[in-house]
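Peer 1: The structure's right below; bear with me while I get my questions together.
Laboratory data are not the source of any read-out in this text; all were calculated from the coordinates shown. Because the structure is a prediction, the values reported are computed rather than measured. FYI the Cβ positions are ideal-geometry reconstructions off the backbone, even for glycines, and counts take in every protein chain you see.
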Amino acid sequence: MKKKVILISILICSLVFPLFAKSPTLYVVTRSTKVFHLTKEDNPTVGLFATDDQGKTWRHYGWKYVKCFSVSITEKNDELVYYLSCGNGVHKSSDSGETWRITTGWDITECLKTAIDPVKPDVVYSATAYGIYKTTDGGKTWIEKNKGLTSTFTPTVIIDSADHNHIFCATEAGIHHSHDGAENWQPLALLGLGIRTLIQHPKNGDWLACGTENDGVFISQDHGKTWHQVNNGLTHRTVYALAFDPKNPKVLYAGTFQCGIFK
């Protein structure tokens, strides 16, 4: 059975952990070159880390000293498959993190987020600083999919839980979506706003939330048709990370730029 994961991206790191597992593994993707306290000791290494003992010990996965932004995880043949979005491309491991390779070419860099098709796990979308790329063969080849995008700076991409061919992406010019697996994009909402993150509630697919540059947080409760701001108490309006509480869609966490986490 494929493991469900939550992704929380807050400033210097991304956190990923399986839901409802008895002993969940927590993954941290760091993207700061500064020394920070991951455990009790200073750790200057960037990249992917994991702990299965609530943070007592940590293991580093993949290449060291590579700027990383996020990780997506699926399962195949009893092995965990990782897609790690990095400054120099998308890194992949098919053997639970033992070995790694860069799947993208020299022309695909600043990869910020991946989304794995839950129906066809060899289909993966990569959001980059230069647009959306798609692979249908598990990363062997990647094709640019920017037709219809009004901005190609795309911080994130997500797959609609109700329809695996319906794709949402955040751009510098609002939220766009595609009904044909990123072949054609159409503007959806909040046009003209710089969208920094976009998420869908893991249980209630009608609930979407996005974080913006300078305009705070917006919520949709009707599958993206209408949106409204929810900034009461949010003292800093640049939001780079969001996470729904999986048990209560009315609880939302926001990671802001250099001003902490809000609830």
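Peer 1: I'd like the Karplus ³J(HN,Hα) series for segment 219-231: coefficients 6.51, -1.76, 1.60, θ = phi - 60°, whole numbers in Hz, and an x wherever there's a Gly or Pro.
Peer 2: Result, rounded to whole Hz: 10, 10, 10, 10, 6, x, 6, 10, 9, 9, 6, 9, 10.
Peer 1: About the Cα centre of segment 201-253, what is the dipole size in debye to 20, counting +1 per Lys and Arg Cβ and -1 per Asp and Glu Cβ, all else neutral?
Peer 2: Charge dipole, segment 201-253, about its Cα centre: 160 debye, nearest 20.
Peer 1: Another question about this same structure. Would you work out the relative contact order for segment 5-262, in percent, from Cα pairs under 8 angstrom that are 6 or more residues apart?
Peer 2: 10 percent
Peer 1: Which pairs in the list Lys140/Lys203; Lys147/Lys225; Lys203/Lys247; Lys113/Lys140 are over 20 Å apart, alpha-carbon to alpha-carbon?
Peer 2: Over 20 Å apart, Cα to Cα: Lys140/Lys203; Lys147/Lys225.
Peer 1: Sticking with this structure for a sec: Non-local amide H neighbours of Leu242 (under 5 Å, H modeled in plane, Pro and chain starts lacking H): which ones?
Peer 2: Ser9, Gly255
Peer 1: Now a separate question. Each label point is 7 Å from the Cα along the Cα-to-Cβ direction; what then is the distance between the points at Asp52 and Thr109, in nm?
Peer 2: The modelled label-to-label distance comes out at 3.7 nm.
Peer 1: To the nearest 20 debye, what is the magnitude of the charge dipole of segment 5-262 about its Cα centre, counting +1 on the Cβ of each Lys and Arg and -1 on the Cβ of each Asp and Glu?
Peer 2: Its charge dipole is roughly 500 debye.
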